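S.K.: Pasting a structure below so you can have a look.
Nothing in this text is a laboratory measurement; each read-out follows from the coordinates by a stated rule. Computed from a predicted model, the values in this text were never measured in an experiment. FYI the Cβ positions are ideal-geometry reconstructions off the backbone, even for glycines, and counts take in every protein chain you see.
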2 protein chains.
Amino acid sequence: MGQQEGCLSQHFKHYGRLSDSECRRLDGLEGPALAMAKGQVFWREGDAAREFGTLSRGWAYSFRDLADGTRHILEVFMPGDVIGLREFPFKQRLSSVAMLEDGEIRLTPHRRLIEIFRDSSRLTSLCFAVASYQQALLSERLVHLSRRSARQRVAYLLFELYSRTKRNDDSIEDRFRVPLSQQQLADALGLSPVHVSRTLTAFRQEGVLRRLRGWVHLLDPGALEAEGSIVGHLHDEIELVE
Amino acid sequence: MGQQEGCLSQHFKHYGRLSDSECRRLDGLEGPALAMAKGQVFWREGDAAREFGTLSRGWAYSFRDLADGTRHILEVFMPGDVIGLREFPFKQRLSSVAMLEDGEIRLTPHRRLIEIFRDSSRLTSLCFAVASYQQALLSERLVHLSRRSARQRVAYLLFELYSRTKRNDDSIEDRFRVPLSQQQLADALGLSPVHVSRTLTAFRQEGVLRRLRGWVHLLDPGALEAEGSIVGHLHDEIELVE
DNA sequence: CGTACGTTTGAGACTCCTCAATTTCTGTGG
DNA sequence: CCACAGAAATTGAGGAGTCTCAAACGTACG
């Protein structure tokens, strides 16, 4: 999942097999790579929504800023992910999106998607699948953030990122990237940064994981999975109907 | 939004204008009304997902039961709402669905939806809109449940239900139905039932609202809206691109 | 080498939870 | 219409978890 083109078809392949012509059809949608700098906000809540994006390099996140100054991170995107597809039917962005690090984004105008709708009900279903998977991630996070302890929340989010990393690259062992600061983890988990720090320290002292410079070394994946009471691996349960 | 047919087109109209033939096309999808009893669970997490539903009478909710015995309510459905559309691309239900009261549901097999995809890119876009609106509600709830006080959570949920009620029936003044017990409100808000009770009592004593027999009498909508820091009315911001 | 940012640690306060008892509501049968 | 049983809601008291504020420490980058 690098700078090269083909991210879109790569991503869609998670949801069902693609013929060569369908791959070409999808990859033909991708615009040129736009360079994005760390911290850059490239969509803002309320902006006109005329295209969706594919993150071809770097990590990003979507967020909402509230009146009281707090920020909530809704989604964390990793390279290869599709961004903003759920806003396709609407005129405006429902959340802002910013880069966690330097990267590249390729845009696809919504009208190209409508062409797909006209041409291929198979690809239409896949678009639905992409959007639904993201919604499933959101639901899952809602469940895990509402009535759960800080330990459970942190464990859940780290395990989600671990699972998604493995989905993209099966060769991943126990080290994976988490380029979020503790402030950002806190904003994603609804905790204070201070308490995120305490929780991570506790996990380190218990020998569950170690964190350094944007990487997590998972010493005891089982313990983390149990702590987060992960029911099943979402991407295993989600299978596209043929 | 009663027992009669036509719920589907009624619901879709929220997202864009429909021609007569499109209305007929949609309403032709609805199966016969199935009677459901209060408390009845008609989909269970993991069940095969072969159809979506339209709630033609009564209220319902979707939920997840966790290993530790807690339940989390993800969505609250009111008459006219579409249920389980987001599971269209998948084989299994991602959450269970149960009735809050007696009612009726009409089912539509997923393959009928694929026919729509083939026939009409306009209706395809509308399907996307229906799913995306529900996702927007979920995101909104995620934001409001994560780092907010009990007062803010309760205010937010009640105001969401108030707004959605008004979306369906503009003549609503200040009384609207909320057929959820405090236990169920707690399960939707990630609070204990005890604290929901205390919070509602506080609102009553402050003259914000009164609750009786599944109805809420809103004495001071502005106070509730401010308490929940509602940014804007979701359904105003969401407009389908033509 | 200095500055800015991110992380760690400590102390006290506050919100919300749990447990338990009591009261009110709702529906049913006499 | 009233009596009763079961469910739902209220109220109280004590405790656990997380927050805020503040200071010290570590790390990256100019």
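S.K.: Leaving out same-chain residues fewer than 8 places away, which lysines sit with a Cα under 16 Å from that of A:Lys166?
M.R.: Straight-line reach from A:Lys166, under 16 Å: A:Lys13.
S.K.: log₁₀ I(q)/I(0) of chain A at q = 0.09, 0.15 Å⁻¹, via Debye over equal Cα point scatterers, no solvent, to two decimals?
M.R.: -0.39, -1.09
S.K.: A follow-up question, please. Say a label goes 7 Å from Cα toward Cβ at A:Gly31 in every copy; what distances in nm does this one have to the rest, shortest first?
M.R.: Those label-point separations list as 4.3 nm.
S.K.: Still on this model: Mind checking the angle between helix B:110-119 and chain B's longest principal axis? C-alpha axes, 0 to 90 degrees, to the nearest 10.
M.R.: Once rounded, the angle reads 60 degrees.
S.K.: Follow-up. When the helices in chain A are scored as -39500 (n - 2.57) per DSSP H run of 4 or longer and the sum is shared across all residues, what 222 nm value do you end up with, to the nearest 500 deg cm²/dmol?
M.R.: -12500 deg cm²/dmol
S.K.: For label points placed 7 Å from Cα toward Cβ, what is the shortest-first list of nm distances from A:Asp169 to its copies?
M.R.: 5.6
S.K.: Could you work out the relative contact order of the stretch A:159-219? I mean the mean sequence separation of Cα pairs under 8 Å and 6+ apart, divided by the number of residues, in percent.
M.R.: 35 percent.
S.K.: Pull out a ≥ b ≥ c, the square roots of the eigenvalues of the alpha-carbon gyration tensor of the protein assembly as shown, then state rounded if a/c is under 1.5, prolate if not and a/b is larger than b/c, and oblate in the remaining case.
M.R.: Here the protein assembly as shown falls in the oblate category.
S.K.: So, one more: In nm to one decimal, list the spacings between the A:Glu101 label point and its equivalents in the other copies, with label points set 7 Å along Cα to Cβ, shortest first.
M.R.: Those label-point separations list as 5.3 nm.
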